[in-house]
Structure formats: C-alpha cells, structure tokens
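What follows is calculated from the coordinates using simple rules that are stated; it is not laboratory data. All values derive from a computational prediction rather than experimental measurement. Cβ sites come from the backbone with ideal geometry, for glycine too, and all protein chains shown count toward neighbours.
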Amino acid sequence: MTLALALNDTARTHALLREQRAWLAANDDAIVRDQIALSEIASPTGAESRRGAAVAERMRSLGLEVHTDGIGNVIGRRRGERDAEPVVVCAHLDTVFPAGADVRVAREGPRLVGAGIGDNARGLAAMLAMARVIDGTALRTERPIDFLASVGEEALGDLRGAKHYFAGAGRDAHAAVILDGPGEERVIHRAVGSRRWRVRYAGPGGHSWSAYGLPNPLNAAGAVAAMLAVLPVPSEPRSALTVARIVGGLSVNAIPGDALIEIDLRSVAQDVIERIAREVRACVDVALGDENARRAHGTPPLTMTVEVIGDRPGGETPASHPLVLAAAEATRLIGREPELGAASTDANVPISLGIPAVALGAGGRGGSAHTPQEWFENVDGTAGLGRALTVICCAAGVAAR
C-alpha cells in the first residue's frame, strides 16, 4: 500500500465514522464512569478474575460472543461481514498494585486519582466503548474483531495473557491495536523487549572471623554487578542493562549463606537482547568460578542457580507499514501531531510474531502511573477514542451499508 493510498483510506474511514464519534462524545461521562467502576475492582497481576468477570458481563450486554480462556483472558468477538482473520483490540486487565491495595478513586478538581485509573482502566473502558459503537449493525466491519481483555501484562506477568492468546486463538490475526492508558499522540510501533534474571549464589556461610576463607555469595554477586557496569551496551538500537537488586547477608559479622542479584536487560532489537544475554550469562559464571577459586582449601564451593523471571520479545512494525501510517494520520485528523515511539506493552507479542500491531493511548491525560497517586484528566478524551476507532476500522475495514 502506498503512502497516499494509506492516508486517503484513513481520511475516508474517519469521515464514515462521524455518527459513531458523535456517540462517543455524547456518552463521554458514561465512559468515564465505567472507567472508574473498573478501576475500583482490584486486579493484581495473577488475580484478575473479578475484573475479568465484570468485563465479560459488559461484553455480553453488548452482544459479543464471549468466552474466558484457560488462563483468564476474556475474549469477545464481533463477527464481520466475511469470515477472515480477525483484528484484535486488546486492553490488559491487571495492575501493578498488590492485593489489599486501596483502589478507590477520588476526585480532586478535574482529576480522578486512584491506583490504576489510567493504566489500564482507561484502556478497558475505551475497548468496551469501541465494542459498543462497532455494533455489527449500524457499523459493521469487513473482518471480525476480537476484543481481548488480557491477563498478566504487568511486571512479572511477563505478557502471559498476550503470549497465550497469540500462540493459540490469535496466531493468524490480521492486525492488533492495543489500548493502554491515556494519551492521544503516541503511536507505539517499536516493542521494547526484555530479559530478566534472578541469580542466586549459595554457600555454607559462617562467622566472619572463625570461618574466614569460606566462599562469599555476596562477593560473587558484587563481582557480577561490577562486570555488568562496564559491559558495553549500544545506544543505537537503544538498549539498557540494569542491576536492579542485590540481597544477602544476616549480620555484619557473618559470611552470608546466600545472595541474589536481579538483572534487567532491555532493547528494541531482539538480536541485541540475545547477544547481551550470552554476555550476562558469561559474567555470572565467571563470578562463580573466581569466588570458588579464592576459597580456602577443603571448604565447600558456592553453588549457583539462574532463573529467567521475565522474557518479553522485541521488534517493530515498520513506520512505513499501512497500520502505522493509518495511526499517524488518524492522530493528525484529531488535531494532534503523532509521536512514533517504543514501549513494552502487549503489542510486543504480535509484533514479535510478524503480526502488525500498534499500541495507542485511549484519550485524556494522565500521570504518576504505577503509584497510588496515579491520576487521569478527561481532557478531550473523546478525541483519543475517535482516533482509536478510526485505526481499528482502517485495519478491519468498514463494510458497505
């Protein structure tokens, strides 16, 4: 598809959706009320079932064909004009906040303040609004649409909901549009991949004087940190290597019995992740060998376990792809300037599998994400919803009336 054709199709599709965009504007307050209601249902990663049930109930009320898969993803299908590979519209169910966290939403002037009000109650409310206006009657798409409320997007959830869906039911998806948090300008088409490790060194431990000469697990962990601090990491493609935690020891006068170090590697290029991952593994092996070589004769050696605690694939949907072009032009059509960017979202999974995908904000403004002071302001929120609708319908096609 040429650039001109992509832009012409986007403008034409946007114009065809005038009635639906008017409905979104007229029902702006109701959409925000739904956002608040969903935000106040606790949904820690790994315990999303209550929020998932609420989303499933809403999907059924909209006439979608709904089921919950084996790991808790909620999928609602709107049939298209023809039987074809679906377009996936995805918003994640989980939050970073643990069980027992206060999830009540308070109003502070124009702001809504609450844990998860933007990330991702906004995305969920927007997804449901999309399912409402793409009703299969007044607005019917050529392709079917799977509305996917995914589990395990955050932190150690490791995108498990998206991985499960796109490995199975969504493996032949035509395209994916991920709705994640507020905003109207960013178009995420580059997936920041990551690899995360927890390395544990263990030894006998003992008194810092009488047992001196025993191998020290913290020495090994510290040596890893020192090696990784000087390990070359490319700035292009953008990459990052972080020693995130070192834990160990019981007392200032004791050789620790164990120590752990947690490491976070990120890049927008999967080949960079694979290369640096090999170097990280070499460093943790060298640290083990060096500390054991220094121990007193006849003392037991350190042992080591290496656990991968996160593995998010990277990649990109090229900026020249029609889906990215449509997202950029839809942004201009609502009076905003598109900002092409990179992030770690559920879009990582389809992108890594060669399925075109973008992640979009769902309108409004927000801040302090991943803190109890997270906030959302519904400033021109319907503009972001209108943008999302245009992009989804460009991907799925608007059926002739």
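Numbers below:
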quantity: Neighbour cut-off at most 15 other Cβ (10 Å), DSSP loop, chymotrypsin sites (Phe, Trp or Tyr not before Pro), the range 191-237; calculated: 209
quantity: Overall dimensions of the range 129-251 by Cα: Rg and Dmax, Å; calculated: 23.9, 82
quantity: Expected-Rg normalisation [2.2 N^0.38 Å, Cα atoms] applied to the chain; calculated: 1.13
quantity: Space enclosed by the convex hull of the alpha-carbon atoms of the range 159-199, per residue, Å³; calculated: 128 Å³
quantity: Cα centroid separation, the range 35-63 to the range 205-276 (Å); calculated: 39 Å
quantity: Those residues of the range 193-220 whose amide nitrogen sits under 17 Å from the label point placed on residue 254, 7 Å along Cα→Cβ; calculated: 201-219
quantity: Potential extension, residue 212-residue 294 segment - 0.36 nm per residue separation minus Cα distance; calculated: 28.4 nm
quantity: Tail fraction, Cα-Cα pairs, the range 116-172, threshold 17 Å, whole percent; calculated: 52 percent
quantity: Computed lengthening from residue 172 to residue 306, 0.36 nm per intervening residue step minus Cα-Cα distance; calculated: 44.8 nm
quantity: Integer Hz, Karplus 6.51/-1.76/1.60 couplings in order for the range 194-207, x for Gly and Pro; calculated: 8, 9, 10, 10, 10, 10, 10, 9, 9, x, x, x, x, 6
quantity: Radius of gyration and maximum dimension Dmax of the range 20-92, Cα, Å; calculated: 14.0, 38
quantity: The range 305-401: mean projected area of Cα convex hull, nm²; calculated: 9.3 nm²
quantity: Per-residue [θ]222 nm for the chain (sum of -39500 (n - 2.57) over DSSP H runs n ≥ 4, rounded to 500); calculated: -11000 deg cm²/dmol
quantity: The range 310-318 - phi-based ³J(HN,Hα) in whole Hz, Karplus 6.51/-1.76/1.60, Gly and Pro as x; calculated: x, 8, 10, x, x, x, 7, 8, x
quantity: Over the range 193-312, equivalent-ellipsoid semi-axes from the Cα gyration tensor in Å; calculated: 30, 13, 11
quantity: Net lengthening on full extension, residue 235/residue 106 (0.36 nm per residue, minus Cα-Cα); calculated: 42.3 nm
quantity: For the range 12-17, 3J(HN,Hα) per residue [Karplus equation, 6.51 cos²θ - 1.76 cosθ + 1.60, θ = phi - 60°, Hz, x = Gly/Pro]; calculated: 5, 4, 4, 5, 5, 9
quantity: Label point distance in nm, residue 37-residue 278, each placed 7 Å from Cα along Cα→Cβ; calculated: 5.4 nm
